[in-house]
Amino acid sequence: MKTVCYIDASNLMKNGYNVDHKKLFNYLKNRFNPEIVYFGAVFVGDYYYRHNFLKSDYLGLDDLEKFNEESLGDEGGKEKMKKQIRFIKKLNSFGFDTKVKPLKIMPGGKRKADCDVNITVEGMENWENYDRFILFSGDGDFLPFLRFLRKNKKEIEVFSFGQDGNKNSTAREIREFLGGNWHDLNEGSYRKILEFVK
């Protein structure tokens, strides 16, 4: 069975516990043997305003390293970018296919890492090439895409954080739509397998 797994980095990293990405990769490969694509956004400072979004949303490592070299007068920003570059290289060394875009800078300076549309578009473009779709995100915006996949007889598995204190990180409609095919990463068995331990 041909399987793809799309991971929404912002949804995975801002909720729950600290996931060990190497453990995550090995778990997915051993259980599903999927193609694993890791979608995320990286801080590129003021270069955000110079990026040609009409050409592509994504940045390669060469681009990131070039932007970092061109950054002037912001040592904190340069160090942050270097750390992100090291993290992406580590993900690639584990076997993830990484797709990163510039962190969006909103009016007033608010930053946003939003890959929902990218995940949906790529999933729609390639839907005939896989039998099973695995998503790491609890965002309710994915429901129309998941309905499309089910209508077209695709198997669906969604992994995300459920109840975390008083906060539920997964949309109710996602949990109800998937039933037993939604997996709560806060459950002890997943946490034991995936949590980063120093």
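Each value in this text was obtained by applying a stated rule to the coordinates, not by laboratory testing. Everything numeric here is computed off the predicted structure, so don't read it as measured data. Every residue, glycine among them, receives a Cβ derived from its backbone with ideal geometry; neighbour counts consider all protein chains shown.
Remarks
- Nearest 10 degrees, 0 to 90: helix 21-31 Cα axis against the chain principal axis: 30 degrees
- Centre separation in Å (Cα based) which lies between segment 127-194 and segment 1-31: 12 Å
- Two-decimal Rg to Rh for segment 115-198 - Kirkwood Rh, Cα set: 1.00
- Across segment 88-103, computed HN-Hα scalar couplings (Karplus, 6.51 cos²θ - 1.76 cosθ + 1.60, θ = phi - 60°) run 5, 4, 5, 4, 4, 5, 6, x, 5, 8, 9, 10, 10, 10, x, 4 Hz from first to last residue, x flagging Gly and Pro.
- Ellipticity at 222 nm from helices only: DSSP H runs of n ≥ 4 in the chain, each -39500 (n - 2.57), divided by the residue count, give -11500 deg cm²/dmol.
- Set of aspartates and glutamates with alpha-carbon distance to residue 89 below 12 Å, sequence-local pairs under 8 removed: 62, 65, 97
- Ordering 170, 98 from the fewest to the most neighbouring beta carbons within 10 Å gives 98, 170.
- Proximal lysines to residue 14, defined as alpha-carbon separation beneath 17 angstrom and excluding residues fewer than eight positions away on the same chain: 104, 110, 112, 167
- Expressed as a fraction of 2.2 N^0.38 Å, the value expected for a compact globular protein of N residues, the C-alpha radius of gyration of segment 3-194 is 1.06.
- Stretched out straight at 0.36 nm per residue, the stretch from residue 121 to residue 193 would grow longer than its current Cα-Cα span by 22.9 nm.
- Note on segment 3-194: antiparallel DSSP beta bridges, both residues inside, total approximately 15 percent of the bridges counted.
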